[in-house]
Amino acid sequence: MITQRPKGTLDWYGDNMYKRTLIEELARKLCKAYNMKEIITPVFEHTILFQRGVGETTDVVQKEMYTFLDKKDRSITLKPEGTAGAIRAYLENNLYAESQPTKLFYVTPAFRYEQPQSGRLRQHHQFGVEFVGSKSPLAEVELITLITTFIKEIGLKKAKLHINSIGCKNCRATYNEALLSYLRKHEDRLCSTCKERMQKNPLRVIDCKEKACKEIVKDAPRTIEYLDEECKNHFEELQSLLKILNIPYEIDTGIVRGLDYYTKTVFEFVNEEGFTLCGGGRYDGLVHEIDEKQDIPSVGFGMGIERILYFLEKEEVSLPPQPAIELYVGILGGEAKASAYQLVTTLRNAGIITETDYMDRSVKAQMKYANKIGAKNTVILGADELANGKANVKNMETGEQTELPLEEIADFILKNA
């Protein structure tokens, strides 16, 4: 071996790849029902997009981005999350000129330089939605409903909705003063990063993962206590809608999310151990941050596919098994090879999962292989079968054999699938 895969990355194959495919298929199916259109943005963007959009005081920008200079000394960053790129694409391609709102979803790789652990990798994959153009709390409710449905359909039971409001630019100023006043009393015990953050963006201190800082902010003022009338009404309407729709939730004033672009609503789906499945919220200022000529409200979420797999394993949820091989076509003699493969192609074109011999095995070895790969039925084609235009299809579970004209094998398999 010349090398191994980089730390914090995975090779996707076999059962894990199949599970990931099921998750992505469910995401696409639900988004189709919600009239959300898929978007694919570049894996890398100009670094300034994330510095301005995500926020220079966030852990993502300060510690976790994969940033490099290209051959013309331009600063390029592998995308750490999907929102900033999707909103950049929305603006650059004038999607705001179309009928609003615009609802976009993506399944994308994302890159963060952090210590790998369960459900958290340096290259991970996100399912996300960006709902652009609506100020209404109903936009948040739509995303929360979609996530709730997704969680139910995938079979998870322990992910609960936590919500908070972090206010807007107007009420945040008052809150920042109160928080800063509190933090100054404990400044000597804050980590070096938080000492810097408290001057630039005090709210980021609430999100610090350092044990000492978490202990300090436990008794800090909360954003929900400083909401202006508009933000308070927005949060109350959101709660009213969730109650009417019978979506259980818990107000969690510790949620501020790790990215600077959030305003008003923030939410997470969290298990009983406090492990986050997905998170999102409203970011009414992000569009303006990227393009000062525009001022368009937005809301969105991101859900890690590796996190979903982690939750499924944690809750011991079994996904549907991979579809079985319906028919193994065995080949007896070299002269039967082309005709046998012609039958294989016909069966596959009819949507039947079919396998055959590529290793020039004996018939005995082929049957052993067919059994090993779990083929439900087998048929052997040799000179006699081709001359007679008939062959015996064997049910591998019961041992029952049925003689059929070759042209009827596809219909027989479909009928008994």
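For the stretch 258-381, what proportion of DSSP beta bridges, expressed in % and rounded to the nearest 5, is antiparallel? It would help to have the intermediate numbers written out before the result.
Working: 11 of 18 bridges.
Beta bridges within the stretch 258-381, antiparallel portion: roughly 60 percent.
Straight Cα distances below 16 angstrom link K243 to the aspartates and glutamates E140, E142, with same-chain residues fewer than 8 positions distant left out. The Cα-based radius of gyration of the chain, divided by its Kirkwood radius, gives an Rg/Rh of 1.11. Net length available on complete extension from R74 to K214 is 46.7 nm, with 0.36 nm assigned per residue and the Cα-Cα distance removed.
Relative to the longest principal axis of the Cα atoms of the chain, helix 14-33 runs at roughly 60 degrees. Eigen-decomposition of the gyration tensor built on the alpha-carbon atoms of the stretch 27-77 gives equivalent ellipsoid semi-axes of 29, 15, 9 angstrom, largest listed first. Taking the DSSP beta bridges with both ends in the chain, the antiparallel portion is around 80 percent. For the stretch 249-343, the share of alpha carbon pairs falling in successive 5 Å distance bins from zero is 2, 10, 14, 12, 10, 8, 7, 6, 6, 5, 4, 6, 6, 3, 1 percent. Note on the stretch 139-298: Kirkwood hydrodynamic radius from all Cα pairs is 16.7 Å, rounded to one decimal.
Rolling a 1.4 Å probe over the protein heavy atoms gives the stretch 1-134 an accessible area of 54 Å² per residue.
Surface composition of the chain: carbon plus sulfur atoms contribute 49% of the solvent-accessible area (1.4 Å probe, protein chains only, all chains present). On the principal axes of its alpha carbon atoms, the stretch 34-162 extends 45, 42, 24 Å, with the longest extent given first.
With charges set only on the Cβ (+1 for Lys and Arg, -1 for Asp and Glu), what does the dipole of the chain come to about its Cα centre, in debye to the nearest 20? The partial results should precede the final answer.
Details: 56 positive and 61 negative charges, 179 e Å.
Roughly 860 debye, rounded to the nearest 20.
A crude spin-label estimate for the pair K157 and N233, with each label 7 Å from Cα along the Cβ direction, gives 4.2 nm. For the stretch 1-110, the spread of Cα coordinates along the three principal axes comes to 49, 40, 27 Å, biggest extent given first.
Test of understanding: what is the full-extension gain from R120 to T402, defined as 0.36 nm times their sequence separation minus their Cα-Cα distance? Each step should come with its number before you reach the end.
On the way: separation 282, 0.36 × 282 = 101.52 nm, distance 5.17 nm.
Residue separation times 0.36 nm, minus the Cα-Cα distance, leaves 96.4 nm.
Between Y358 and S318, what's the calculated FRET efficiency when r is the beta-carbon distance and R0 is 30 Å? Round to 0.05. Efficiency computed from Cβ-Cβ geometry: 0.40. Over the Cα atoms of the stretch 212-303, the radius of gyration divided by the Kirkwood radius equals 0.98; this is the Rg/Rh ratio. Mean projection of the Cα convex hull over all viewing directions, computed for the stretch 118-229: 9.8 nm².
Each residue, T345 and D11, gets one label point 7 Å from its Cα in the Cβ direction; the gap between the two is 3.2 nm. Of the beta bridges in the stretch 3-111, as assigned by DSSP with both residues counted there, near 80 percent are antiparallel.
For a distance above 18 Å, tell me the whole-number percent of Cα pairs in the stretch 195-266 that qualify. Roughly 48 percent, rounded to a whole number.
The values are calculated or read from the model by the stated rules, or taken from the named source; none is laboratory data. Just so it is clear, the structure is predicted and the values come from calculations on it, not from any experiment. Cβ coordinates were reconstructed from backbone atoms using ideal geometry, including for glycine residues, and neighbour counts include every protein chain displayed. For the accessible areas, the whole protein counts, side chains as well, though only heavy atoms, and no ligand, DNA or RNA atoms are used. Shrake-Rupley method; radii C 1.70, N 1.55, O 1.52, S 1.80 Å.
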